[in-house]
Amino acid sequence: MNKNKRKQMKPRYVLWLIIVLCLLFIGVSLKNNGEKLSIQNGIGSLVLPMEKGLNSVGQWIGERREHSRSVNDLLAENEQLKQQIDQLNTKISSMENNLSELEALRDLLKMKEVYPDYDMVGARIISKDAGNWYHNFIIDKGSNDGIKKDMNVIYDNGLVGIVSDVSANNATVRAIIDDTSSVSGMLSKSTELCIVNGDLKLYQDGLLGVEMISKDAQIAAGDEVVTSYISDKYLPGLVIGYITDVSMDSSNLSQNAHITPKVSFDNITNVMVITQLKADLVASEAEEEES
(Lines give C-alpha, C1' and ligand atoms only; values in the text may rest on other atoms or scores of the structure.)
Protein backbone atom coordinates (compact mmCIF):
# COMPACT_ATOMS: atom_id res chain seq x y z
CA MET A 1 0.00 0.00 0.00
CA ASN A 2 2.75 2.39 0.91
CA LYS A 3 4.61 1.48 -2.22
CA ASN A 4 1.61 2.43 -4.41
CA LYS A 5 1.33 5.77 -2.67
CA ARG A 6 4.95 6.48 -3.41
CA LYS A 7 4.44 5.79 -7.07
CA GLN A 8 1.53 8.27 -7.36
CA MET A 9 2.38 11.87 -8.22
CA LYS A 10 1.72 14.23 -5.35
CA PRO A 11 -1.17 16.67 -5.89
CA ARG A 12 0.94 19.72 -5.39
CA TYR A 13 3.25 18.70 -8.24
CA VAL A 14 0.27 18.28 -10.55
CA LEU A 15 -0.98 21.72 -9.51
CA TRP A 16 2.35 23.34 -10.30
CA LEU A 17 2.48 21.64 -13.70
CA ILE A 18 -1.01 22.97 -14.54
CA ILE A 19 0.00 26.49 -13.44
CA VAL A 20 3.16 26.41 -15.63
CA LEU A 21 1.19 25.24 -18.66
CA CYS A 22 -1.40 27.98 -18.11
CA LEU A 23 1.31 30.59 -17.90
CA LEU A 24 2.87 29.32 -21.11
CA PHE A 25 -0.46 29.50 -22.93
CA ILE A 26 -1.07 33.01 -21.56
CA GLY A 27 2.38 34.09 -22.77
CA VAL A 28 1.81 32.67 -26.21
CA SER A 29 -1.64 34.30 -26.32
CA LEU A 30 -0.17 37.68 -25.49
CA LYS A 31 2.41 37.19 -28.16
CA ASN A 32 -0.44 36.61 -30.64
CA ASN A 33 -2.29 39.80 -29.63
CA GLY A 34 -4.70 38.10 -27.27
CA GLU A 35 -6.17 35.72 -29.82
CA LYS A 36 -7.66 32.56 -28.44
CA LEU A 37 -5.59 29.49 -28.89
CA SER A 38 -6.69 25.98 -29.20
CA ILE A 39 -4.68 23.31 -27.48
CA GLN A 40 -3.33 22.28 -30.90
CA ASN A 41 -2.39 25.85 -31.71
CA GLY A 42 -0.83 26.27 -28.31
CA ILE A 43 1.24 23.19 -28.67
CA GLY A 44 2.16 24.29 -32.18
CA SER A 45 3.24 27.69 -30.88
CA LEU A 46 5.44 25.99 -28.35
CA VAL A 47 6.88 23.42 -30.70
CA LEU A 48 7.47 25.61 -33.76
CA PRO A 49 10.23 27.74 -32.19
CA MET A 50 11.90 24.56 -31.02
CA GLU A 51 11.53 23.04 -34.48
CA LYS A 52 12.97 26.17 -36.08
CA GLY A 53 15.87 26.07 -33.68
CA LEU A 54 16.50 22.40 -34.40
CA ASN A 55 16.27 23.10 -38.15
CA SER A 56 18.76 25.93 -37.78
CA VAL A 57 21.13 23.70 -35.87
CA GLY A 58 20.74 20.96 -38.48
CA GLN A 59 21.31 23.42 -41.31
CA TRP A 60 24.44 24.77 -39.58
CA ILE A 61 25.76 21.25 -39.07
CA GLY A 62 25.04 20.45 -42.73
CA GLU A 63 26.84 23.58 -43.87
CA ARG A 64 29.84 22.77 -41.68
CA ARG A 65 29.92 19.25 -43.07
CA GLU A 66 29.72 20.52 -46.63
CA HIS A 67 32.44 23.09 -45.87
CA SER A 68 34.62 20.37 -44.41
CA ARG A 69 34.04 18.23 -47.50
CA SER A 70 34.93 21.16 -49.76
CA VAL A 71 38.11 21.86 -47.79
CA ASN A 72 39.14 18.21 -48.02
CA ASP A 73 38.47 18.23 -51.76
CA LEU A 74 40.55 21.39 -52.14
CA LEU A 75 43.39 19.91 -50.10
CA ALA A 76 43.34 16.76 -52.24
CA GLU A 77 43.29 18.83 -55.42
CA ASN A 78 46.12 21.01 -54.10
CA GLU A 79 48.19 17.91 -53.37
CA GLN A 80 47.59 16.65 -56.91
CA LEU A 81 48.65 20.02 -58.32
CA LYS A 82 51.82 19.94 -56.21
CA GLN A 83 52.67 16.51 -57.60
CA GLN A 84 52.04 17.74 -61.15
CA ILE A 85 54.27 20.78 -60.51
CA ASP A 86 57.03 18.52 -59.14
CA GLN A 87 56.75 16.31 -62.23
CA LEU A 88 56.90 19.35 -64.53
CA ASN A 89 59.91 20.75 -62.65
CA THR A 90 61.65 17.39 -63.03
CA LYS A 91 60.93 17.39 -66.77
CA ILE A 92 62.14 20.98 -67.09
CA SER A 93 65.34 20.15 -65.20
CA SER A 94 65.91 17.11 -67.41
CA MET A 95 65.31 19.21 -70.54
CA GLU A 96 67.73 21.87 -69.29
CA ASN A 97 70.37 19.21 -68.62
CA ASN A 98 69.83 17.74 -72.07
CA LEU A 99 70.08 21.21 -73.61
CA SER A 100 73.27 21.89 -71.66
CA GLU A 101 74.75 18.60 -72.83
CA LEU A 102 73.71 19.37 -76.40
CA GLU A 103 75.41 22.76 -76.28
CA ALA A 104 78.50 21.15 -74.78
CA LEU A 105 78.56 18.56 -77.55
CA ARG A 106 78.27 21.32 -80.15
CA ASP A 107 81.25 23.09 -78.57
CA LEU A 108 83.22 19.86 -78.61
CA LEU A 109 82.36 19.28 -82.27
CA LYS A 110 83.62 22.77 -83.05
CA MET A 111 86.94 21.83 -81.46
CA LYS A 112 87.16 18.79 -83.70
CA GLU A 113 86.68 21.13 -86.67
CA VAL A 114 89.55 23.35 -85.45
CA TYR A 115 91.88 20.36 -84.98
CA PRO A 116 90.72 17.89 -87.68
CA ASP A 117 93.97 15.90 -87.63
CA TYR A 118 93.44 14.68 -84.07
CA ASP A 119 91.05 12.02 -82.81
CA MET A 120 89.18 13.11 -79.67
CA VAL A 121 86.78 11.86 -77.04
CA GLY A 122 84.54 14.06 -74.92
CA ALA A 123 84.67 13.91 -71.11
CA ARG A 124 82.86 15.57 -68.23
CA ILE A 125 84.64 17.06 -65.22
CA ILE A 126 83.43 15.32 -62.06
CA SER A 127 85.79 16.77 -59.43
CA LYS A 128 88.52 19.36 -58.95
CA ASP A 129 91.08 20.53 -56.41
CA ALA A 130 90.11 23.19 -53.88
CA GLY A 131 90.29 26.77 -55.11
CA ASN A 132 88.64 29.02 -57.64
CA TRP A 133 90.23 27.52 -60.74
CA TYR A 134 90.44 24.19 -62.50
CA HIS A 135 94.19 23.65 -62.14
CA ASN A 136 93.86 19.93 -61.26
CA PHE A 137 90.64 18.07 -61.94
CA ILE A 138 89.17 14.63 -62.60
CA ILE A 139 87.23 13.58 -65.69
CA ASP A 140 84.72 10.73 -66.07
CA LYS A 141 86.77 8.80 -68.66
CA GLY A 142 89.62 6.40 -67.94
CA SER A 143 91.61 3.52 -69.36
CA ASN A 144 88.39 1.63 -70.15
CA ASP A 145 87.61 4.49 -72.56
CA GLY A 146 91.07 4.50 -74.14
CA ILE A 147 92.47 7.37 -72.04
CA LYS A 148 96.21 7.25 -71.39
CA LYS A 149 98.69 9.28 -69.41
CA ASP A 150 100.16 12.33 -71.26
CA MET A 151 97.16 12.73 -73.57
CA ASN A 152 96.46 16.40 -74.29
CA VAL A 153 93.22 18.00 -73.12
CA ILE A 154 91.52 20.96 -74.84
CA TYR A 155 88.50 23.18 -74.32
CA ASP A 156 87.09 26.20 -76.17
CA ASN A 157 89.61 25.57 -78.98
CA GLY A 158 92.52 26.04 -76.57
CA LEU A 159 94.93 23.92 -74.55
CA VAL A 160 93.70 23.01 -71.06
CA GLY A 161 96.43 20.67 -69.91
CA ILE A 162 97.59 17.08 -69.93
CA VAL A 163 96.43 13.77 -68.40
CA SER A 164 98.67 13.15 -65.41
CA ASP A 165 97.11 10.00 -63.95
CA VAL A 166 94.67 7.33 -65.18
CA SER A 167 92.44 4.73 -63.54
CA ALA A 168 89.87 2.41 -65.08
CA ASN A 169 86.93 4.83 -65.10
CA ASN A 170 88.43 8.29 -64.62
CA ALA A 171 91.58 10.32 -65.10
CA THR A 172 93.33 13.33 -63.55
CA VAL A 173 94.20 16.36 -65.66
CA ARG A 174 96.92 18.89 -64.75
CA ALA A 175 96.07 22.27 -66.25
CA ILE A 176 98.65 24.61 -67.78
CA ILE A 177 97.97 27.17 -65.02
CA ASP A 178 99.16 24.77 -62.29
CA ASP A 179 102.43 25.74 -60.60
CA THR A 180 104.07 22.49 -61.75
CA SER A 181 103.14 22.95 -65.42
CA SER A 182 105.66 23.87 -68.10
CA VAL A 183 104.79 23.85 -71.80
CA SER A 184 107.10 24.25 -74.76
CA GLY A 185 105.46 26.86 -76.96
CA MET A 186 106.14 28.99 -79.99
CA LEU A 187 104.86 32.16 -81.59
CA SER A 188 102.64 30.99 -84.40
CA LYS A 189 103.56 34.00 -86.56
CA SER A 190 107.34 33.67 -86.34
CA THR A 191 107.80 30.12 -84.95
CA GLU A 192 110.06 31.61 -82.25
CA LEU A 193 110.28 29.14 -79.35
CA CYS A 194 109.42 29.90 -75.73
CA ILE A 195 108.44 28.27 -72.43
CA VAL A 196 105.02 28.87 -70.86
CA ASN A 197 105.04 28.31 -67.11
CA GLY A 198 102.05 27.75 -64.86
CA ASP A 199 101.67 30.20 -61.98
CA LEU A 200 98.50 30.24 -59.87
CA LYS A 201 99.51 33.49 -58.19
CA LEU A 202 100.06 35.19 -61.54
CA TYR A 203 96.83 33.72 -62.83
CA GLN A 204 94.96 35.78 -60.24
CA ASP A 205 95.41 38.53 -62.83
CA GLY A 206 94.40 36.18 -65.63
CA LEU A 207 97.97 35.80 -66.92
CA LEU A 208 100.70 33.21 -67.39
CA GLY A 209 104.43 33.80 -67.63
CA VAL A 210 106.46 33.22 -70.80
CA GLU A 211 110.26 33.05 -70.86
CA MET A 212 113.20 32.03 -73.03
CA ILE A 213 112.07 34.07 -76.03
CA SER A 214 114.91 35.06 -78.34
CA LYS A 215 116.03 38.64 -77.67
CA ASP A 216 115.80 39.33 -81.40
CA ALA A 217 112.28 37.99 -81.78
CA GLN A 218 109.73 40.52 -82.98
CA ILE A 219 106.78 40.25 -80.62
CA ALA A 220 103.67 42.37 -80.28
CA ALA A 221 100.64 42.32 -78.02
CA GLY A 222 98.02 39.98 -79.38
CA ASP A 223 100.46 37.54 -80.99
CA GLU A 224 99.27 33.93 -80.71
CA VAL A 225 101.28 31.36 -78.76
CA VAL A 226 100.80 27.66 -79.58
CA THR A 227 102.43 24.39 -78.56
CA SER A 228 105.73 23.81 -80.33
CA TYR A 229 106.89 20.92 -82.50
CA ILE A 230 109.77 20.09 -80.15
CA SER A 231 107.58 19.41 -77.10
CA ASP A 232 107.97 15.82 -75.91
CA LYS A 233 104.40 15.52 -74.57
CA TYR A 234 102.27 18.24 -76.14
CA LEU A 235 100.99 17.88 -79.68
CA PRO A 236 101.96 20.77 -81.99
CA GLY A 237 99.74 23.69 -82.91
CA LEU A 238 97.38 23.76 -79.91
CA VAL A 239 96.52 27.34 -78.96
CA ILE A 240 97.86 28.32 -75.53
CA GLY A 241 97.08 32.05 -75.43
CA TYR A 242 97.94 35.54 -76.61
CA ILE A 243 100.77 37.92 -75.76
CA THR A 244 99.81 40.85 -73.51
CA ASP A 245 103.20 42.47 -72.81
CA VAL A 246 106.91 41.86 -73.43
CA SER A 247 110.08 42.83 -71.57
CA MET A 248 113.80 42.04 -71.71
CA ASP A 249 115.05 39.78 -68.93
CA SER A 250 117.67 40.89 -66.41
CA SER A 251 120.53 39.27 -68.35
CA ASN A 252 119.51 40.93 -71.63
CA LEU A 253 119.94 37.55 -73.31
CA SER A 254 116.27 36.77 -73.88
CA GLN A 255 112.81 38.26 -73.58
CA ASN A 256 110.03 37.53 -71.15
CA ALA A 257 106.32 38.04 -71.68
CA HIS A 258 102.87 37.50 -70.25
CA ILE A 259 100.05 35.79 -72.06
CA THR A 260 96.32 35.58 -71.55
CA PRO A 261 95.35 31.90 -71.86
CA LYS A 262 92.85 30.96 -74.54
CA VAL A 263 90.87 28.97 -71.96
CA SER A 264 89.18 30.49 -68.94
CA PHE A 265 89.91 28.14 -66.05
CA ASP A 266 87.17 29.31 -63.70
CA ASN A 267 84.23 27.58 -65.39
CA ILE A 268 84.88 24.35 -67.27
CA THR A 269 82.32 21.53 -67.41
CA ASN A 270 83.32 19.42 -70.43
CA VAL A 271 86.61 18.87 -72.21
CA MET A 272 87.96 16.98 -75.19
CA VAL A 273 90.80 14.51 -74.75
CA ILE A 274 92.99 14.05 -77.81
CA THR A 275 93.52 10.30 -77.95
CA GLN A 276 96.76 10.56 -79.90
CA LEU A 277 99.99 10.70 -77.90
CA LYS A 278 102.92 12.86 -78.98
CA ALA A 279 105.20 9.81 -78.76
CA ASP A 280 102.93 7.87 -81.13
CA LEU A 281 102.83 10.84 -83.52
CA VAL A 282 106.64 11.04 -83.58
CA ALA A 283 106.93 7.28 -84.15
CA SER A 284 104.38 7.42 -86.97
CA GLU A 285 106.20 10.29 -88.68
CA ALA A 286 109.50 8.42 -88.36
CA GLU A 287 108.00 5.35 -90.04
CA GLU A 288 106.68 7.46 -92.88
CA GLU A 289 110.11 9.01 -93.43
CA GLU A 290 111.78 5.58 -93.51
CA SER A 291 109.28 4.24 -95.98
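A few points about this structure:
- Within the shell defined by Cβ-Cβ distances under 12 Å, the residues around SER190 carry a net charge of -3, with Lys and Arg each +1 and Asp and Glu each -1.
- For region 209-275, applying the loop criterion from DSSP together with a ceiling of 11 other beta carbons within 10 Å to the trypsin sites (Lys or Arg not before Pro) yields LYS215.
- Estimated FRET transfer efficiency when R0 is 25 angstrom, pair ASP266-ASN89 (beta carbons, to 0.05): 0.30
- Taking all protein chains together, TYR234, TYR242, TYR155 sort by accessible area into TYR242, TYR155, TYR234, largest first [probe 1.4 Å].
- Net charge of Cβ neighbours under 13 Å - reference SER214; Lys, Arg +1; Asp, Glu -1: -3
- In this structure, the pairs whose alpha-carbon distance is over 30 Å, taken from LYS110/LYS148; LYS110/LYS215; LYS141/LYS233, are LYS110/LYS215.
- The modelled label-to-label distance for the pair ALA168/ASN72, using points 7 Å beyond Cα in the direction of Cβ, is 5.6 nm.
- Anchor LYS128: aspartates and glutamates whose Cα lies under 14 Å away (excluding residues fewer than 8 positions away in-chain): ASP140, ASP165, ASP178, ASP266
- FRET efficiency, LEU102 to GLU211 (Cβ-Cβ, R0 45 Å, nearest 0.05): 0.60
- Close amide H pairs (under 5 Å, H built 1.01 Å from N) link ASN256 with SER247, MET248, ASP249, residues at least 5 positions away or on another chain.
- Ranked by solvent-accessible area (1.4 Å probe, protein heavy atoms only, all chains present), the residues MET151, MET212 order from largest to smallest as MET212, MET151.
The values are calculated or read from the model by the stated rules, or taken from the named source; none is laboratory data. This is a predicted model, so every value here is computed, not measured. In this analysis, Cβ positions are derived from the backbone assuming ideal geometry, glycine residues included, and neighbour counts consider all displayed protein chains. Ligands, DNA and RNA are excluded from the accessible area calculation, which covers all protein heavy atoms including side chains. Shrake-Rupley method; radii C 1.70, N 1.55, O 1.52, S 1.80 Å.
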